[in-house]
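Quick notes on the structure that follows.
The values are calculated or read from the model by the stated rules, or taken from the named source; none is laboratory data. Since the structure is predicted, the reported quantities are computational estimates derived from the model, not experimental observations. As a convention, Cβ positions derive from the backbone with ideal geometry for all residues, glycine included, and neighbour counts pool all protein chains shown. Remember, those area values only see protein heavy atoms, side chains included, never the ligands or the DNA or RNA. Shrake-Rupley method; radii C 1.70, N 1.55, O 1.52, S 1.80 Å.
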Amino acid sequence: MNVFFIETISGTELLHIVSHDVAGILAAAQGESVTFPVGHFKYEFHNLDFYEENGQIQQELVIYVSKI
């Protein structure tokens, strides 16, 4: 599944990864903080989106974070 980390206020994409351990990534993101090369961030909320692409149902997890 595609997983995106987005900065809540600016909408800037901080990271895009593909993972099969979505529950683990979400649990880790909801911890004390998430660190990216551009700084430390705190989990705000997430969306699980489903969409159709080339006749197949796809899904993606979008995790919104704010700068600490």
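Could you list, in sequence order, all residues of segment 43-68 that are touching a residue at least 60 places away in the same chain (Cβ under 8 Å) and farther than 16 Å from V18 by Cα?
Going residue by residue through segment 43-68, those that are touching a residue at least 60 places away in the same chain (Cβ under 8 Å) are 61, 63, 65, 67.
Within segment 43-68, V65, K67 qualify.
State yes or no: is H16 surrounded by 10 or more Cβ atoms within 10 Å (Cβ to Cβ) and either of a type outside the set (A, V, I, L, M) or modelled with pLDDT of 95 or more (or both)?
Working: surrounded by 10 or more Cβ atoms within 10 Å (Cβ to Cβ): yes; either of a type outside the set (A, V, I, L, M) or modelled with pLDDT of 95 or more (or both): yes.
Here the answer is yes, as H16 does meet what is asked.
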| query | If you scan segment 49-68, which residues turn out to be in contact with a strand residue (DSSP E or B) (Cβ under 8 Å, 6 or more places away or on another chain) and either at positive phi or open to solvent by 90 Å² or more (accessible area, probe 1.4 Å) (or both)? | reply | F50, E52, I57, K67, I68
| task | Kindly establish whether I25 is assigned to a strand (DSSP E or B) and not charged (D, E, K, R). | result | no
| remark: Exception for F41 within (1) open to solvent by less than 60 Å² (accessible area, probe 1.4 Å); (2) among the aromatic types (F, W, Y); (3) within 11 Å of the chain's Cα centre (by Cα) falls at (3)
